[in-house]
1. In segment 269-295, what residues are part of a loop (DSSP other than H, G, I, E, B), open to solvent by less than 20 Å² (accessible area, probe 1.4 Å) and of a type in the set (A, V, I, L, M, F, W, C)?
2. Considering Ser64, Ser27, which residue is touching a residue at least 12 places away in the same chain (Cβ under 8 Å), farther than 24 Å from Gly147 by Cβ, small (Gly, Ala, Ser) and out of contact with any His (no Cβ under 7 Å at 6 or more places or on another chain)?
3. Restricting segment 255-268 to residues that are out of contact with any helix residue (DSSP H, G or I) (no Cβ under 7 Å at 6 or more places or on another chain) and surrounded by fewer than 15 Cβ atoms within 10 Å (Cβ to Cβ), which is farthest from Ser48 (Cα to Cα)?
4. If Ser213 satisfies all but one of (1) open to solvent by 40 Å² or more (accessible area, probe 1.4 Å); (2) hydroxyl-bearing (Ser, Thr, Tyr); (3) over 19 Å from His233 (Cβ atoms); (4) part of a loop (DSSP other than H, G, I, E, B), what's the number of the condition it fails?
5. Give the residue that is modelled with the highest pLDDT, with candidates limited to residues of segment 56-101 that are in a loop (DSSP other than H, G, I, E, B) and within 18 Å of Pro25 (Cα to Cα).
6. Here are some conditions: (1) touching a Pro at 6+ places or on another chain (Cβ under 9 Å); (2) assigned to a loop (DSSP other than H, G, I, E, B). Val157 meets all but one. Which one does it not meet?
7. If I ask for residues that are open to solvent by 60 Å² or more (accessible area, probe 1.4 Å), farther than 25 Å from Gly159 by Cβ and either of a type in the set (Val, Ile, Thr) or under 23 Å from the mean Cα position of the chain (by Cα) (or both), which ones from segment 238-254 would you list?
8. Please verify whether segment 131-146 includes one or more residues that are within 15 Å of Tyr117 (Cα to Cα), over 15 Å from the mean Cα position of the chain (by Cα) and modelled with pLDDT of 95 or more.
Amino acid sequence: MAQLFFLLQFGQRRAVIMIVTRLIPNSLSRKQTNAVIRDICRSINYESLDKVVARITSTGFVCSGWASLPRWIDIAELRMADNELILSLSTKFDMDFDEVNKLANGLAAQLTDLFNYKTQFFPQKVFCIGWPKTGTTSITQALRILGLFSWHFSPWVIGCSSFSSDVSKVSLNFDSIAEYDALADLPICVLFRELDMSFPGSKFIFTTRPVESWINSAISDIENSIDRTGSMHAAVRWAYGINSIDREVFINRYTLHQKLVSEYFSGRSDILFIDLNEENPWQRLCGFLNLPIPDEPFPFLNRRK
């Protein structure tokens, strides 16, 4: 890691601009790396309302105005270099050194999860069709540990490029997910019928959770999103059919999804129903995928405190 400081003189005021870098190990192929960089850019722009703040470059991406980063970050850049990537963050004025380093370390850890895992050939697509907040982030990371090239949350599949996209103009496009082995969360979970027809022979994983604990987690997550952006974002509005929080509507949609999936896959052996909190996740998941159980704990992520 490295830090560079530049002193600028503005009248009687001196400002310090800091550039912080981190090296991100990368175990993916060039094609896979390009796909992840593309979808990171899509995610950044999706979070940034109607503004295109991230763009792909010849070696990675660069962005200014990333909604998930503090306002004092001026430019964030990711560049490919041999078997690693270089993350660079440049700050605006007068920032605390420890605070900048803490942010850089956290972002580097998230990027490492996306790029630094060994993938292996898997003969089938795996679609995780559990509703959001049923462990979809955890199951995605578990599949990465098992060597499946995986992605979580892809609103562009239904044509939503930003939080404020018009969900009445949804159009399906599966081309952008074709290179992944496994996908999870919205809108994948809703499209299980279409995916089953478009990718015959796929496997499906349906994560479940008791409705009482699920609804509290779901509402908390959506409230946090509204606090950041000022509105319920497009993929959630599309999934629930409303543009505000309604506990009863949310519960009805959640239970309907369970019913529809159970009916559609009735009698089939290509789906795994699993509650990650009540069972041995590795044993059931690896048995379903016919893969060896890894020698590490199951990654329970995004649990509420």
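1. Leu276, the sole residue that qualifies.
2. Checking each option against the conditions leaves just Ser64.
3. Checking each candidate, the answer is Gly267.
4. (4)
5. Result: Thr59.
6. (2)
7. None; the set is empty.
8. The answer is yes; a qualifying residue exists.
The values are calculated or read from the model by the stated rules, or taken from the named source; none is laboratory data. Please read all numbers here as calculations on a predicted model, not as lab measurements. FYI the Cβ positions are ideal-geometry reconstructions off the backbone, even for glycines, and counts take in every protein chain you see. Please note that ligands, DNA and RNA were not included when accessible areas were found on the heavy atoms of the full protein model with its side chains. Shrake-Rupley method; radii C 1.70, N 1.55, O 1.52, S 1.80 Å.
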